[in-house]
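Enquirer: One structure coming up, written as structure tokens, with questions to follow.
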Amino acid sequence: MATEIDKRNAVLKGCKRVVCASGGNGGLAAAYAARLLNLPATIVLPTTTPDFMAQKIRDQEATVEVQGSVWDESNQEGHESLIVETKQQLPCPPDVVVASVGGGGLLCGVIQGMQRVGWGHIPVVAMETEGADCLNVSLRENKVATIPAITSVAKCLGALTPCTKVFELCQKNKVISKLCTDKQAINACLKFADDHRQLVEPACGASLAAVYSGILKDLQTQGQLGEIKSALIVVCGGSAVTLDALTCSRAPENVLNPVGIMAESPAPIK
């Protein structure tokens, strides 16, 4: 229940409106609190929320918007726009696209975005770290599989099971699933920081390792990729990282050290 202190804090923070996306109960609580605080509220519900629950929220004087059936639809649509905007900025299509994979939402959006802009013929390299490799395991077993635990330092890739949609898209499109070690992911993060003055987390380092650890070049040697004049690497996140966290991290095999951590350099791609 909102107290007088809550009300004063809301005013002091300059709150003007409450917005909440919910399946029902959380939205009702938010609408109730907003009414007590004399703030307008907008509650966004999925189509699966019962009408009576939507009415309960309206009874709390909140505006109710009903949109979509699950979070994944909105997430994937947002990820699609990444490819649409990239196409507008690039003079020509890339020869390969690389993205990290956790549960698969980003990769779903990337693949669908590529289909949308006419890039469906371009291969996609889906990168995971060892120990956070539910998609790779699923594709090898030819079924949606669940791994027992997340043992990688790339915790943002920490899905035990990939979504069914990404599994299906990978089977129908030119997707190559590859793994890197934690060491390779962290080295890639540090080298990227050195090259571009931006700090990203190991989950993103999995994609960068495709370049810095020579994975793309290996795929060329194996005949899985052709000539690469340009590669689109999705640099997907850096909020959950600090320089100390990267330099002090230790891979499971204790292979990292302050001296050798940046030993790997980008492999030339011809």
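The values are calculated or read from the model by the stated rules, or taken from the named source; none is laboratory data. Not measured: the values here are computed from a predicted model. For neighbour counting, all protein chains shown are included, and Cβ atoms are generated from backbone atoms with ideal geometry for every residue, glycine included.
Enquirer: Taking the condition of being surrounded by 11 or more Cβ atoms within 10 Å (Cβ to Cβ) and either at pLDDT below 80 or on the phi > 0 side of the Ramachandran plot (or both), how many residues in the range 226-241 meet it?
Expert: Qualifying residue count for the region: 4.
Enquirer: Among the listed residues Leu208, Leu190, identify the single one that is at pLDDT below 95 and under 18 Å from Val235 (Cβ atoms).
Expert: Matching residue, one of Leu208, Leu190: Leu190.
Enquirer: In the range 211-231, what residues are among the charged types (D, E, K, R) and assigned to a helix (DSSP H, G or I)?
Expert: Quick first cut of the range 211-231, residues among the charged types (D, E, K, R) only: 217-218, 227, 229.
Listed by number, the residues that qualify are Lys217, Asp218.
Enquirer: Moving on to the next point. Between Thr161, Thr146, Thr129, Thr151, which is touching a residue at least 60 places away in the same chain (Cβ under 8 Å), surrounded by fewer than 20 Cβ atoms within 10 Å (Cβ to Cβ) and of a type in the set (Val, Ile, Thr)?
Expert: Criteria check complete, one pass: Thr151.
Enquirer: Let me ask something else. Looking only at the range 89-108, how many residues end up being over 26 Å from Ala154 (Cα atoms) and in a helix (DSSP H, G or I)? Write out each step before concluding.
Expert: In the first step, residues of the range 89-108 are kept if they are over 26 Å from Ala154 (Cα atoms); the result is 89-95.
With the extra rule that they be in a helix (DSSP H, G or I), the set shrinks to 89.
Of the residues in that region, 1 qualify.
Enquirer: Still on this structure, I have one more. Kindly indicate which of Val96, Val64 is modelled with pLDDT of 95 or more and under 19 Å from the mean Cα position of the chain (by Cα).
Expert: On the way: Val64 fails: under 19 Å from the mean Cα position of the chain (by Cα).
It is Val96.
Residue by residue, here is whether (1) part of a helix (DSSP H, G or I); (2) surrounded by fewer than 14 Cβ atoms within 10 Å (Cβ to Cβ); (3) not assigned by TED's automatic domain parsing to the domain that holds Leu219 holds:
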position	(1), (2), (3)
Thr42	no, no, yes
Met53	yes, no, yes
Ser81	yes, yes, no
Lys87	yes, no, no
Val110	yes, no, no
Gly113	yes, no, no
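Enquirer: Only one residue in Val144, Val166 is assigned to a loop (DSSP other than H, G, I, E, B) and touching a helix residue (DSSP H, G or I) at 6+ places or on another chain (Cβ under 7 Å). Which one?
Expert: Working: Val166 fails: assigned to a loop (DSSP other than H, G, I, E, B).
The match here is Val144.
Enquirer: Tell me, which residue of the range 196-210 that is in contact with a Phe, Trp or Tyr (Cβ under 9 Å, 6 or more places away or on another chain) and assigned to a helix (DSSP H, G or I) is surrounded by the most Cβ atoms within 10 Å (Cβ to Cβ)? Walk me through it before giving the result.
Expert: Pass one, the range 196-210, residues in contact with a Phe, Trp or Tyr (Cβ under 9 Å, 6 or more places away or on another chain): 198-200, 204-205, 208.
Still in the running and assigned to a helix (DSSP H, G or I): 204-205, 208.
Details: Cys204: 29, Gly205: 32, Leu208: 30.
Top of the filtered list is Gly205.
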